[in-house]
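**Student:** Before we start, here is the structure in question, set down as structure tokens.
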């Protein structure tokens, strides 16, 4: 059979620039970027969104999103986002932060922003290590996990336990929507996209602080091929970091998207 | 407007409001806290932005975010808090954004004390944050000047896309004096063509301070330095007192300069031909007037409320052409006019010493006295 017309069913979101990324093959940053861009397109927010990039592998996120963007010092993205949102309350402001940035050096800023009920959205990439600096132990590194700064595996006696960020932030009264999702297979990617949508819906409705923690792969620093890295998320990360609706505002819970 | 009795911290806060301040982010620290307290009431009643941040780290990065949108934005703190802001200031400088910061200095290092000091001079004037950058630094010596320089700070920040720091000691923040506030300026309704406020019907805009390619970073460094050359050409300000026929010159900024003026007046009453140069801009530093005085005077006395920080800048201007003396009170102590008068007498009476650093000689005298 010969088709005489072709229809594009899958295209680059308008919110993504036509640029190859610097991310490693198999890294899920690209998936997370695309999901955010699709949601912003679908909600018609491209012209009114201001993104805040952080320090880490996603420092150049602003190269890939086609809307206004600023770049924050390490861990300070929630404070910078606060400054923007408070002077432009009708704009949509989100940060895109990794686990070293958000859960280690930036723990003060993120907890304070959630506590204030700051009406911003946070996309939080948890890949259990510091990617950009070459795979050091992060606050999210699993017990026993080998990294370049825990060469014998994370010893919880001396190096402590991984921090469950979503659960921690969900204790804050100012938080409107806090969930954890994973990017390890198509089903979970679809669920992640819906969560990102609901996080932005939370902000649009002025319901307080919103955050989506995304379990992500880091094949290069984990020393795995991309497929094994995705399996490793499912087998090792999810048991410690469960996919969870930690806090969902009733208005968002009743939303049908 | 009529003169009112105003406390320094409040006067600066209200001056900023009248200069069109749209957003303030701060954190409590003595001796600047009244500034934050005042604005916590004043800004919301005007429908403007006020946030008490979780820390000075938070405050300066909120300032950074707001500055990206092109609004008039300010923070204030005191020495230990300013240290915490150095990271953010370096980023703001690297992103070339206009920001106003008030530093009401206290004694240090460390937690130090809450008494008036000028011990942040080096940190503020010569950096503190990493990388090459050049903030404009304004040093008021009385409440009226604090008001006027706060208003000027916003204009200079925007003119040069620069950080402007108003540097004063705790006594100026805390004291009350009659002063006149400026008229209320309308808030801006138009924003510069670099402001990230949402890409409505235009190309996206980006604010970043990262240039991974060293050649691009160097280009940025040179652009920032070239802009600084413009600042140095246009914005040097100082106050001159009794300098026309002066044989000896006292140099001091802020409160130290103000106290020194009393000493100079007392010396003049004794018939001593001495004058005072008080830098109003510490950066850009009044190099030319000080160079000229160094060439024509018999001696220069630098007075500071620290251990001789501006002293090094004066020595660089003097270039060994005149003896330079130093008198300082670090640690949160304001020198009395009589102490400075005694130093003027010493400068005139002492044989010229060709060797040694004035700071070392001052330290020797200080240790002997205590």
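The values are calculated or read from the model by the stated rules, or taken from the named source; none is laboratory data. On a predicted model such as this, the values are computed, not experimentally measured, just so you know. Ideal geometry is used to build each Cβ from the backbone, glycine not excepted, and the neighbour counts take in all protein chains shown.
**Student:** So which residues in the stretch B:23-49 are buried (at least 20 other Cβ atoms within 10 Å of the Cβ) and within 14 Å of another protein chain (Cβ to nearest Cβ)?
**Tutor:** Matches in the stretch B:23-49: B:23, B:24, B:25, B:26, B:27, B:39, B:43, B:48, B:49.
**Student:** Assess whether residue A:115 counts as being over 18 Å from residue B:63 (Cβ atoms), within 9 Å of another protein chain (Cβ to nearest Cβ), modelled with pLDDT of 95 or more and surrounded by fewer than 24 Cβ atoms within 10 Å (Cβ to Cβ).
**Tutor:** Against the criterion (over 18 Å from residue B:63 (Cβ atoms), within 9 Å of another protein chain (Cβ to nearest Cβ), modelled with pLDDT of 95 or more and surrounded by fewer than 24 Cβ atoms within 10 Å (Cβ to Cβ)), residue A:115 qualifies.
**Student:** Does at least one position in the stretch A:25-35 carry a residue that is surrounded by fewer than 24 Cβ atoms within 10 Å (Cβ to Cβ), at pLDDT 95 or above and within 14 Å of chain B (Cβ to nearest Cβ)?
**Tutor:** No.
**Student:** Something else about it: Specify the residue that is nearest to residue A:89 (Cα to Cα); the eligible residues are those in the stretch A:52-61 that are crowded, with 24+ Cβ neighbours inside 10 Å and within 9 Å of another protein chain (Cβ to nearest Cβ).
**Tutor:** Among those that are crowded, with 24+ Cβ neighbours inside 10 Å and within 9 Å of another protein chain (Cβ to nearest Cβ), it is A:52.
**Student:** Within the stretch B:50-89, count every residue that is buried (at least 23 other Cβ atoms within 10 Å of the Cβ), in a helix (DSSP H, G or I) and more than 10 Å from chain A (Cβ to nearest Cβ).
**Tutor:** Total meeting the criteria: 6.
**Student:** Do we have any residue at all in the stretch A:78-96 that's buried (at least 24 other Cβ atoms within 10 Å of the Cβ), facing chain B (nearest Cβ under 8 Å) and part of a loop (DSSP other than H, G, I, E, B)?
**Tutor:** no
So that you can scan it fast, the table gives a plain yes or no per residue for (1) assigned by TED's automatic domain parsing to the domain that holds residue B:302; (2) touching a residue at least 40 places away in the same chain (Cβ under 8 Å); (3) surrounded by 13 or more Cβ atoms within 10 Å (Cβ to Cβ):
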site: B:314; (1), (2), (3): yes, yes, yes
site: B:320; (1), (2), (3): yes, no, no
site: B:342; (1), (2), (3): yes, no, yes
site: B:346; (1), (2), (3): yes, no, yes
site: B:354; (1), (2), (3): yes, no, no
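**Student:** Same structure again: If you go through the stretch B:94-110 one residue at a time, do you hit one that is surrounded by fewer than 22 Cβ atoms within 10 Å (Cβ to Cβ), in contact with a strand residue (DSSP E or B) (Cβ under 6 Å, 6 or more places away or on another chain) and more than 27 Å from residue B:305 (Cβ to Cβ)?
**Tutor:** yes
**Student:** Could you run through the stretch B:142-158 and say how many residues are touching a helix residue (DSSP H, G or I) at 6+ places or on another chain (Cβ under 7 Å) and either surrounded by fewer than 24 Cβ atoms within 10 Å (Cβ to Cβ) or without any contact (Cβ under 8 Å) to a residue 12 or more places away in the chain (or both)?
**Tutor:** Of the residues in the stretch B:142-158, 2 are touching a helix residue (DSSP H, G or I) at 6+ places or on another chain (Cβ under 7 Å) and either surrounded by fewer than 24 Cβ atoms within 10 Å (Cβ to Cβ) or without any contact (Cβ under 8 Å) to a residue 12 or more places away in the chain (or both).
**Student:** Name the strands (runs of 3 or more DSSP E) wholly within the stretch B:188-289 that hold at least 3 residues that are without any contact (Cβ under 8 Å) to a residue 12 or more places away in the chain?
**Tutor:** In the stretch B:188-289, there are no strands (runs of 3 or more DSSP E) which contain 3 or more residues that are without any contact (Cβ under 8 Å) to a residue 12 or more places away in the chain.
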